[in-house]
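Okay, structure first, notes after.
The values are calculated or read from the model by the stated rules, or taken from the named source; none is laboratory data. This is a predicted model, so every value here is computed, not measured. For neighbour counting, all protein chains shown are included, and Cβ atoms are generated from backbone atoms with ideal geometry for every residue, glycine included. To get the accessible areas, we keep the full protein, side chains included, count just its heavy atoms, and leave off ligands, DNA and RNA. Shrake-Rupley method; radii C 1.70, N 1.55, O 1.52, S 1.80 Å.
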There are 2 protein chains.
Amino acid sequence: LEEIRTVGNSHWQILDRRLLVDRSPFAKIYDEDVKLTNGETITNFVRVELPPFAIVFALMEDGRVPFVRQYRLGIRAYTLELPAGHLDGEEDALIGAKRELLEETGVEAPDWQFLGKYVMDANRHCGWCYAYLATRGGQVRQPDPGDLGEFAVEFLPFDEVQHALTSGVLISGPTALCAGLALNALSRQKVE
Amino acid sequence: LEEIRTVGNSHWQILDRRLLVDRSPFAKIYDEDVKLTNGETITNFVRVELPPFAIVFALMEDGRVPFVRQYRLGIRAYTLELPAGHLDGEEDALIGAKRELLEETGVEAPDWQFLGKYVMDANRHCGWCYAYLATRGGQVRQPDPGDLGEFAVEFLPFDEVQHALTSGVLISGPTALCAGLALNALSRQKVE
């Protein structure tokens, strides 16, 4: 079984793990039994493996930013979110980000900046988010999301994105994460 | 069964849901069968209910920000994260945020600003994050996290937080989300 080595000076040992739910490629749920460094044991620690995804804050030449509005079953509501999607298998995250931006919004951009990778739940896993800032974008074709249900692209003027982020409109964690990082990066680049 | 009504002009209907894993109060996993507005049906759509949590970016009087370093089983590694924790039952999010900050870092603060609530996965749920900015904080006692395993508090100078956020050190999604929102809020308040 997997032994954990870390940047710290200790590690937890996985004694056993049991696959509870297999909804590949969307989700795999495990129970794990773990021995801590102090000798204590935890049983049935739930692990939720979700696939990695890319998300994009794309600033267009005309000063707008594409968002998508769609129904989200997890919260039984519509959301306004940055374009995002699961990476296909071993797909490179940047390639996936460009693909999702084009599919969902019809936008392409020449300049891309990686804003980091983030685990959505450090205890449970819940997937890795690869965040990107694209600049000088332009819409080159109609969106073709191919997703389930209703779906609409909305282009927000840059000033309204800042307002949306602070007014509670953007309730998706990955969207607010990526938007916060992008605004932060753009703000520093303007200063320099 | 629950019927979905949304801000949009349509809704999805939950035909059936089955509890697959019950690890209350930490996690409940469901399969849901859903009928879309176009009549199509999805079966076995996985729902991962995780408890709500509060997270705090606390700027202290001395210009530092408390972080916690701890082992995280979800990623088999140590992380540097903002103080955070699950809300107890129906606990008010602000009260929970103050409690977690005090427990994990020994810090109290007089000024609190709500930075929004965010669902960590709009498809699956994965818990709601309540993000806060606290200012003019000070350490009033020793930390008493009471959590499992090793745990250390680290106070980062404010300038280093910005660097940590852009250099890939902060790999926890909720931490990067809250830090990005807080830096954004503090930057705007400085300008005004």
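What number, in percent, do you get for the relative contact order of segment B:93-192 if the mean sequence gap of Cα pairs under 8 Å and at least 6 apart is divided by its residue count? Could you put the intermediate results ahead of the total?
Numbers: 100 pairs, mean separation 25.5, N = 100.
This gives 25 percent for segment B:93-192.
Need one value for A:36-48: mean number of C-beta atoms belonging to other chains within 10 Å of its residues' C-beta atoms.
Numbers: counts 5, 4, 3, 0, 2, 0, 3, 0, 4, 6, 10, 3, 10.
Rounded to a whole number, the mean comes out at 4.
Is there a pair in B:28/B:98; A:35/B:117; B:98/B:190; A:117/B:117; A:190/B:98 whose C-alpha atoms are over 30 Å apart, and which pairs would that be?
Numbers: B:28/B:98 26 Å; A:35/B:117 34 Å; B:98/B:190 24 Å; A:117/B:117 21 Å; A:190/B:98 35 Å.
Among B:28/B:98; A:35/B:117; B:98/B:190; A:117/B:117; A:190/B:98, the Cα-Cα distance tops 30 Å for A:35/B:117; A:190/B:98.
Could you work out, residue by residue across B:184-190, how many beta carbons of other chains sit within 10 Å of that residue's beta carbon, and then give the average as an integer?
Working: counts 9, 3, 0, 5, 4, 0, 0.
Mean shielding count: 3.
Using a 1.4 angstrom probe and counting only protein chains, how large is the accessible area of residue A:11 in Å², to 10?
The value for residue A:11 is about 60 Å².
Just to check, using Stokes-Einstein with a Kirkwood Rh over alpha carbon pairs, what's the diffusion coefficient of segment B:1-144 at 10 °C and 1.306 mPa s in µm²/s? Let's see the in-between values first.
Details: Rh = 17.5 Å.
The Stokes-Einstein estimate is 91 µm²/s.
For the A and B pair, go ahead and give the buried accessible area with a 1.4 Å probe, both sides summed, in Å² to 100. Can you show the working numbers first?
Numbers: alone 11140 and 11170 Å², together 16600 Å².
Accessible area lost upon association: around 5700 Å².
How would A:153, B:21, A:140 rank on accessible area, largest to smallest, probe 1.4 Å?
On the way: A:153 40, B:21 10, A:140 90 Å².
Reading off the accessible areas and sorting them downward yields A:140, A:153, B:21.
Just report the Cα centroid separation between segment B:129-183 and segment A:162-192, whole Å.
Between the Cα centres of segment B:129-183 and segment A:162-192 lies a distance of 18 Å.
List the residues whose amide H sits under 5 Å from the amide H of residue A:155, counting only those 5 or more places along or on another chain, with H placed 1.01 Å from N in the peptide plane.
Distant-sequence amide H within range of residue A:155: A:67.
Most mobile of A:164, A:27, A:77 per a Gaussian network model of chain A (Cα springs, under 10 Å)?
Judging by the Gaussian network model, the answer is A:77.
Relative to a virtual label point 7 Å from the Cα of residue B:152 in the Cα→beta-carbon direction, which members of segment B:55-70 show backbone nitrogen distances below 18 Å?
Output list for this probe position: B:65-70.
Is there a simple number for the mean count of other chain Cβ atoms within 10 Å of the Cβ of residues in A:163-171, and what is it?
Working: counts 0, 0, 6, 6, 1, 5, 1, 2, 7.
Partner Cβ neighbours, averaged per residue: 3.
Residue B:187 to residue B:95: FRET efficiency via 1/(1 + (r/R0)^6), r the Cβ-Cβ distance, R0 35 Å, to the nearest 0.05? Don't jump to the answer; show the numbers that get you there.
Values: r = 28 Å, r/R0 = 0.79.
In this case the efficiency is close to 0.80.
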